[in-house]
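Here's the structure we're looking at; comments come further down.
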Amino acid sequence: MSTPARNAGQGNGPSATAGDEVSRLMFFSELAKRPVFVDPTKRKVGKLADIVFRLAHPYPEAVGIYIEHGWGKPTEFIRWDQVIRIAGNRIWVQPPEGETFPPFVDQKGWILIDKHLMGRTVVDMDGRRTEVVNDVHLLETRFKLFLVHVDVSLNGFLRRIGLKNVKWIKDQLISWRYVQPLSVEDAAATDHVSLSITRDRVKDLPSEDLADILEELSGEEQQALFSALDTEDAADALVEAEPRAQRQIVANLRKERARAILTEMSIPQLANLFSVLPHDDVTELLGLLPGDQAERIRAMRSEREVTARALMSTENATRRRSRRQQGRPAADVRQVSLPHDPGGGHAGPAAGRDSI
């Protein structure tokens, strides 16, 4: 395990878009109508009316923000790579290349959050109404912004009407992975958002698909998001992630962070996690646990190894019996074929040698 490499946003231009936070989750309702200022002149150019995303797998990526001025003035479009930071209830952008920012021109494959998603009815794959999109969950990481969930809870509606500090229930988030891809033309022609799952499965979806997001992100982005999670969410996400992602995450954990996360996990969860990790990582993690927990996990791992060896022996015996019943030689399943002899022909099987 080691300390993840971090980019603190140093340097000029687009590389500073994320500000001081490497990775964070936010809702669209928290950004809508925020004033937009040009840095460093501090000139106000308008308010954020919408965010434009390009449809992509698995999560749409922001291409720019849509600015309205009011009083009949034309709208403007600011590319996402011109957004410097979102901080202090303001959005800071680079100066326009000309006197003003260009007007918004729609393009194929683009979708706008407020125009095409907010307030739309959610319809499952059977065509049945389920909920309404009350908000959209966004992930800002490594200077990019992704659309990751739609929120169908009452909390989202309360945020939309300005009651951001009122929270009645837990947010009910549906991963974008379950939302049918929409083109701008399709979204404009309908009043609903389609899901690729049935209504019954919507109830079973986790409130946050952080594990899915972690699996899709690349190394540095994955580390950045995981480091932004609190201890409990980090433990839950690690448990739910696939083995490849688990190995990647653990390999970049600091000892203090790893110890805190491990304390949130049960003994069976720890044993399952350790079963997919390299030996060196397992040894180091066991050293972070209290002695009694470490011994229980070692015992569980030993029992699993004994069971696995017993299953392998049973399988080998079954194969030998099957071959005898078919009239074939009961060849030792441990035999391996050696390469061709340099002098011609085969060197033949080496009986009794393990094929590993």
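The values are calculated or read from the model by the stated rules, or taken from the named source; none is laboratory data. Since the model is a prediction, treat every value here as computed from it, not as a measurement. We place every Cβ from the backbone using ideal geometry, glycine too, and count neighbours over all the protein chains shown.
Structure values in brief
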{"read-out": "Looking only at region 1-51, and only at residues there that are part of a strand (DSSP E or B), in contact with a helix residue (DSSP H, G or I) (Cβ under 8 Å, 6 or more places away or on another chain) and of a type in the set (A, V, I, L, M), the one that is modelled with the lowest pLDDT", "value": "L25"}
{"read-out": "Pick from region 224-264, criterion of a type in the set (D, E) and under 23 Å from D292 (Cα atoms), ranking: nearest to the chain's Cα centre (by Cα)", "value": "D236"}
